[in-house]
Structures are given as structure tokens and as C-alpha cells.
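Presented below is the structure to which this report refers.
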Amino acid sequence: MADLQAFKRDTRAWLEEHCPPGARGPGQVHTGSRKIPLSHPDLQVWLDRMAEKGWTTPTWAPEYGGAGLSPVEYVALLEEMKAIGARPPLINRGTQMVGPTILEFGNEEQKRRILPMIARGEGAWCQGYSEPGAGSDLASLRTTAVEDGDRYLINGQKIWTSDGHTSEWMFILVRTDPDAPKHDGISFFILSMDQPGVDPRPIQLINGGSHFCETFFDNAVADKRDLIGELNKGWTVGKRLLQHERSGMEMLVSGGTGKRQTGVVDVARAYCGDDAGGINSLWRDQVASYEMNAHALKLTQRRVVEESTDGQTPGPATSIMKVVSTDLEKIQTELIASLRGSNGYGWEGDGFTQGELDSTRRFLSARAASIYSGSNEIQRNIIAKRVLGLPD
Ligand SMILES: Cc1cc2nc3c(=O)[nH]c(=O)nc-3n(C[C@H](O)[C@H](O)[C@H](O)COP(=O)(O)OP(=O)(O)OC[C@H]3O[C@@H](n4cnc5c(N)ncnc54)[C@H](O)[C@@H]3O)c2cc1C
């Protein structure tokens, strides 16, 4: 305990000295992408300093770009970052999804080559899983990879590739044995997005924005050395990555505040306050219920991190976290919109504040959370079968 107190003290002092002003408080977080402009040069300074310290991936071993922190020290670091308002130096699918997967399934050469690059934030990552006709039934995927000397040539199409056009790297599931049963002929590769054979085309959304792509592959190249895990055994690797994605550990990484940053209580006080400075009794129960459930989820996630002796994400139980956190996100955004009354659903116009317009967008985008990373119906199937052991 004394050691932990000393660690916290040293950490606070280091953070105070090294976290520049432009990386504190709410705002943009570096994704590693060189294609997204940074709102402030301090974001790069912060990323570089934290990477140098091994604190962009604190629990990874130093030889892989981390700092070898124990889970308890890791949580302490997050608490100290939160205390001084430091933003996470880097959040992307490299640190949160493919990195932990390579730690588990990669060979030593891959770990020493790819993980430090991820930890330094050299490029953002996108996920090449879904295809037209292969979403919930992901194992039906048809994009192929065919051996060609010391490389594989990839042909086919992915869809809903979030950040495909702003990423430098992709991890992808491809079919390498078309004759095997569908779960058996799949392999997991990483590849560069910056090559002629890869064409990520942004999908225009109804709101004018575009954060995901349909991605076409025409003899795209993946190096043989970038096959993660065994050939034709990629289903196991790909499923494990989804568990990292669904665990919600990124909420902890984002300072432990997760999606609660918009502040249900603050909105309730501002829009539905009572004369005593509290919250109108009509709303109190709903606000308290949300706050308690959100806090319980945060504590559960924190306990999972602290209890995992090897820093590993749990298995199928991550589906529970995914369902609970995405349901809570919907409740939170609906509650905030309702608390704001007719100002809670504005799309544009002078009659709305920026906060109101932002919360409308969050309310709408929360609908997607129960679909991506495997829909919540599919998560309930996994919970029934793999956690509760119910029959098919
Ligand atoms: C915002 C967003 C970002 C995404 N980003 C990415 C990304 O970066 N990379 C990527 O590869 N994919 C991404 N996806 C795709 C996502 O993984 C799929 O949308 C999801 O897996 C569902 O597949 P589908 O859309 O084909 O729906 P379908 O599989 O066609 O499902 C349609 C409906 O049927 C239900 N359903 C299907 N099968 C069953 C069953 N067996 N039991 C019960 N219900 C069932 C589903 O729950 C769903 O409600 C993203 C999706 C969204 C919304």
C-alpha cells in the first residue's frame, strides 16, 4: 500500500509537469491518425511524452512499448490523470483491440515490431470484419486472401468500416480456405490502408457526416509475416478481439468517466431544478436510478481490471458488459433529451444552444451502440449459450 501511495505521488508530480495545457479538459483525443488534423499541437506533445514513458499502453511490457504496470497501478494512473484533467494521450483500435489480441496470439517478432508502433500512436486502425451478407453471421464472410510468394493478395469488399478513410492500418478477417467449413477457413491479418489495392469509400450519412466506409480490395497486399495466429484459425483470433472491444475497458482508459461526461445531474438541475437547488421530484427517481446503474457499471469494470492478475480481458462475459453499457447509454441520452423538454430534440437553429444540439446528436448515435461490435441480440445469444450454458 505504501508503494502504491508512492507510485500515486510520483505519478501526480510527473503528470503535473508533463501534461501540457492543450491536452487538459474536454476536447479532441489523438487517435494516431495522420489524416485527421489536430486541434492543438499539445496533443502530439502529450502523446509523445506518454508514449516515451510507456503510458499509452501502461500494462504492456516495456519491450512491447508499455510500462509493465500492474492492474492496480494502471487504475491509479487513470485516477491521477483524471484528477488533473489530463486527456487520454491516445485512443484507437490499436491500443484497445488489435494490440491486446497480438499480445495473446502474435509471435515474438510481431509483438516486438507491431506493438511498440501501436503504443507510439503511429497510425490509426480500422476493423475489416462486416461484409454485405456477413454481419451478425460474420463467419459467412467472402473476402479472400490467396498466397502469392511471401505475401497474400486480398480481394473482396468490407462494409461499415468505421474511420476507414482516416486510418493507416486495418485488421481484417479473410477467407483463406473456401472449401473448409465456414468457421474453419478464416484467417486474421493486418495490412496497410495506404496502398493502391485498398479503396475506402466514405458512406454519406443522413446528417451529412460520414464516419464509416465501404472498403474495396483489389489485389491488396498483406505480408505473410502479418498473419496473426495460425492460417485458417482466424475465427478464434477474431472472436477474441471482439471480446476486447466489448469489454468496455476503453471507458476506464478514457479516464473512468466514460459516457457519463455529459452529466445527467447537471442537465437535470439546469432544466428541471427545484427551488432548493435540487432536482424536481418528477425526475429525481429516474436520474438517481441512471446514476446508480452507471456507477455500478464503472465499479464493475474497475473491479474486473483490478482482479485480472494478467491484465487480460475476460471471455464471453464481456457480452454482459456490452449489453449493459450500451443500454445505459441509450437511457442516458434519452433522459438528457427528455429533461431538456422541447429543446432536447433540436437539430439546428438559433433557438438551441450548442450543448442542446450536441445532445440531440448523441441521442441519435446511441441507437448505433447496440448494433456495432455485434448487435445486442447476438450478445444475448452469447450470454445464454456461453455464460449461462443454456442449450441452443
Ligand atoms: C456505428 C457502427 C459502426 C460499425 N463499425 C464497424 C467497423 O468498424 N467494422 C466492421 O467490420 N463492422 C462495423 N459495423 C457493423 C456491425 O458490426 C454490424 O452492423 C453488426 O454486426 C450487425 O450486422 P448487420 O448490420 O449485417 O445486421 P444483420 O446481421 O443483418 O442483423 C439484422 C438484425 O437481425 C438481428 N439478428 C441477426 N441474427 C440474429 C440471431 N441469430 N439471433 C437474434 N437476432 C439476430 C440483429 O440483431 C439485427 O437486429 C458497424 C456498425 C455500426 C452501426
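Things to note:
- Checked against (1) out of contact with any strand residue (DSSP E or B) (no Cβ under 7 Å at 6 or more places or on another chain); (2) more than 30 Å from Q354 (Cα to Cα); (3) at pLDDT 85 or above, V264 passes all but a single condition, namely (2).
- So T176, is it modelled with pLDDT of 95 or more, under 26 Å from R380 (Cβ atoms), hydroxyl-bearing (S, T, Y) and away from the ligand (no atom under 13 Å from the Cβ): no
- Criterion applied to T56, T11, T31 was being of a type outside the set (A, V, I, L, M, F, W, C), touching a residue at least 60 places away in the same chain (Cβ under 8 Å) and touching a Pro at 6+ places or on another chain (Cβ under 8 Å), and the one residue passing it is T56.
- The residue that is surrounded by the most Cβ atoms within 10 Å (Cβ to Cβ), counting only those in segment 353-391 that are within 11 Å of the ligand (Cβ to nearest atom) and part of a loop (DSSP other than H, G, I, E, B), is G374.
- Qualifying positions in segment 131-158 - of a type outside the set (D, E, K, R), over 18 Å from P196 (Cα atoms) and in a strand (DSSP E or B): A134
- Residue in segment 211-228 that is within 13 Å of the ligand (Cβ to nearest atom), crowded, with 21+ Cβ neighbours inside 10 Å, among the aliphatic types (A, V, I, L, M) and in a loop (DSSP other than H, G, I, E, B) present: no
- The C-beta contact set for segment 110-136 (first residue over 19 Å from G164 (Cα atoms) and of a type outside the set (A, V, I, L, M, F, W, C), second residue assigned to a helix (DSSP H, G or I) and within 16 Å of the ligand (Cβ to nearest atom), distance under 6 angstrom, 6+ apart or interchain) comprises S136/I378.
- Exactly one residue out of L299, L252 is under 19 Å from the mean Cα position of the chain (by Cα) and modelled with pLDDT under 80, and it is L252.
- Residue that is nearest to T333 (Cα to Cα) [pool: residues in segment 261-303 that are of a type in the set (G, A, S) and not in a helix (DSSP H, G or I)]: G263
- Within the set T326, T313, T333, the sole residue that is in contact with a Phe, Trp or Tyr (Cβ under 6 Å, 6 or more places away or on another chain) and either assigned to a helix (DSSP H, G or I) or buried (at least 20 other Cβ atoms within 10 Å of the Cβ) (or both) turns out to be T333.
- Note on segment 89-122: among residues that are within 19 Å of the chain's Cα centre (by Cα), crowded, with 20+ Cβ neighbours inside 10 Å and not in a helix (DSSP H, G or I), the one that is nearest to the ligand (Cβ to nearest atom) is N92.
- Residue count for segment 179-200, restricted to those that are assigned to a strand (DSSP E or B) and either of a type in the set (V, I, T) or exposed (fewer than 13 other Cβ atoms within 10 Å of the Cβ) (or both): 3.
- In segment 64-83, the qualifying residues are those that are outside any helix (DSSP H, G or I) and of a type in the set (A, V, I, L, M, F, W, C), and the one that is nearest to R120 (Cα to Cα) is A67.
The values are calculated or read from the model by the stated rules, or taken from the named source; none is laboratory data. Computed from a predicted model, the values in this text were never measured in an experiment. With ideal geometry, Cβ positions are generated from the backbone for all residues, glycine too; neighbour counts draw on all protein chains shown.
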